[in-house]
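The values are calculated or read from the model by the stated rules, or taken from the named source; none is laboratory data. As the structure is a prediction and not an experimental result, all values here were calculated from the model. Using ideal geometry, Cβ is built from the backbone for each residue, glycine included, and neighbour counts are taken over all protein chains shown. When the accessible area is computed, the model is the full protein with side chains, heavy atoms only, and any ligands, DNA or RNA have been set aside. Shrake-Rupley method; radii C 1.70, N 1.55, O 1.52, S 1.80 Å.
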Amino acid sequence: MTRAGFVALIGEPNAGKSTLLNRMVGAKVSIVTHKVQTTRARIRGVAMEGDSQIVFVDTPGLFQPRRRLDRAMVAAAWGGAADADVVVLLIEAHRGVTEGVERILEGLADIGKGRKVALAINKIDRVQSEVLLALTKDMNDRYAFADTFMISAEKGHGVQVLREWLAGEVPEGPWLYPEDQIADLPMRMIAAEMTREKLTLRLHQELPYQMTVETESWEERKDGSARVEQIIYVVRDGHKGIVLGHKGETIKAVSKAAREELTEFLGRKVHLFLQVKVRPNWLEEAERYSEMGLDFKDGA
Ligand SMILES: Nc1nc2c(ncn2[C@@H]2O[C@H](COP(=O)(O)OP(=O)(O)OP(=O)(O)O)[C@@H](O)[C@H]2O)c(=O)[nH]1
Ligand SMILES: [Mg+2]
């Protein structure tokens, strides 16, 4: 009998959810940066373990939202948990039970009803093992987790144990995706995310939170290559200058890095063209949200 189901990865921004999803899937389908609020929408990655198909749902980090975009992101994250068969809460070993974690536990009181919630203490490579025992006890005193796993999503420690446990927890039933499918996200969106990752890594302060990337056109060419045009929306003229950089150096470096990653992902040649547009109000435009895979109404 086969099994298949959805496993939502939730947690504070930066907990390592996307890193874990990528490791489980064995490919980079969700972007990762050292900055908070990298993931903006739900991203599905498919992993096989024995006869089980585990559909991991990466979600935006849970935090106290201020802007419309923040609210839409947080709504998407809780929505991911509410739709899942099993929820995995990731926390950071070295940060312990933060206020943010406490707030998530409050939310779980509701969402956790009728589904198992596992705790994954991530980044164990950053702490001594004594810390982990105390943290495990503290967290399990606060919530009835189905099980606790100690992992390093980045280094891979403990990940297989979690994977095998999840394989046994997803419900019996036919697989939901073809066996060789790893992601459920349109290619144009994966490509836009790759560019946004490269930009986020190079831009500072508020700028990553005030820009978005969209794939404007995707053309398959006769020689087997792809011609991809993307627009980077920013809110101010000044931001445009920063994204372009001195003599266009920043955008050139971003374009090169994104093109290389996309080329590797697709296994064929890619011609990538980036354009920066100032759009002061993009954070209030419904179309930008649908391009990101977010519900505009959730941000109201
Ligand atoms: N030391 C260490 N760092 C890790 C580990 N897992 C993830 N990281 C790092 O933590 C940072 C955040 O990782 P992400 O996977 O982007 O975190 P996230 O939870 O998806 O973050 P948001 O999308 O912003 O909610 C990155 O710099 C990762 O390299 C780990 O096991 N150990
Ligand atoms: Mg993420």
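A compact table of results
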{"read-out": "DSSP-assigned coil residues among trypsin sites (Lys or Arg not before Pro) in region 101-162, each with at most 13 further Cβ atoms within 10 Å", "value": "K113, K155"}
{"read-out": "Distant alpha-carbon pairs in region 1-94 (separation over 24 angstrom), percent", "value": "17 percent"}
{"read-out": "Rel. contact order, % - alpha carbon contacts under 8 angstrom, at least six apart, the chain", "value": "20 percent"}
{"read-out": "Trypsin sites (Lys or Arg not before Pro) restricted to region 165-236 and DSSP loop, no more than 15 other C-beta within 10 Å", "value": "R221, K222, R236"}
{"read-out": "Nearest-0.05 FRET efficiency for W175 and E287, computed from C-beta distance (R0 35 Å)", "value": "0.55"}
{"read-out": "Fraction of accessible area attributable to carbon and sulfur, region 152-251 (%, probe 1.4 Å)", "value": "50 percent"}
{"read-out": "Per-residue SASA entry for S18, accessible area with 1.4 Å probe, Å² rounded to 10", "value": "10 Å²"}
{"read-out": "Convex hull per residue volume in Å³, alpha carbons only, for the chain", "value": "136 Å³"}
{"read-out": "Compactness of region 184-266, expressed as Rg and Dmax over alpha-carbon positions, Å", "value": "13.1, 42"}
{"read-out": "Computed helical MRE - 222 nm, the chain, DSSP H runs ≥ 4 contributing -39500 (n - 2.57), nearest 500", "value": "-11500 deg cm²/dmol"}
{"read-out": "Sequence of D58, D83, D147 when ordered by accessible area, the most exposed leading, probe 1.4 angstrom", "value": "D83, D147, D58"}
{"read-out": "³J(HN,Hα) computed for each position of region 284-289 - Karplus, 6.51 cos²θ - 1.76 cosθ + 1.60, integer Hz, glycine/proline x", "value": "10, 9, 4, 4, 4, 5"}
{"read-out": "Flagged links, alpha-carbon separation over 29 Å, of K198/K247; K17/K137; K256/K297; K113/K198", "value": "K256/K297; K113/K198"}
{"read-out": "Loop sites in region 226-300: GluC sites (Glu not before Pro), DSSP, at most 16 other Cβ within 10 Å", "value": "E285"}
{"read-out": "Inter-label distance, nm, simple model (7 Å from Cα along the C-beta direction), H271/R66", "value": "4.3 nm"}
{"read-out": "Along principal axes, Cα extents of region 97-228, largest first, whole Å", "value": "59, 46, 31"}
{"read-out": "Area projected by the alpha carbon convex hull of region 44-163, averaged over all directions, nm²", "value": "7.9 nm²"}
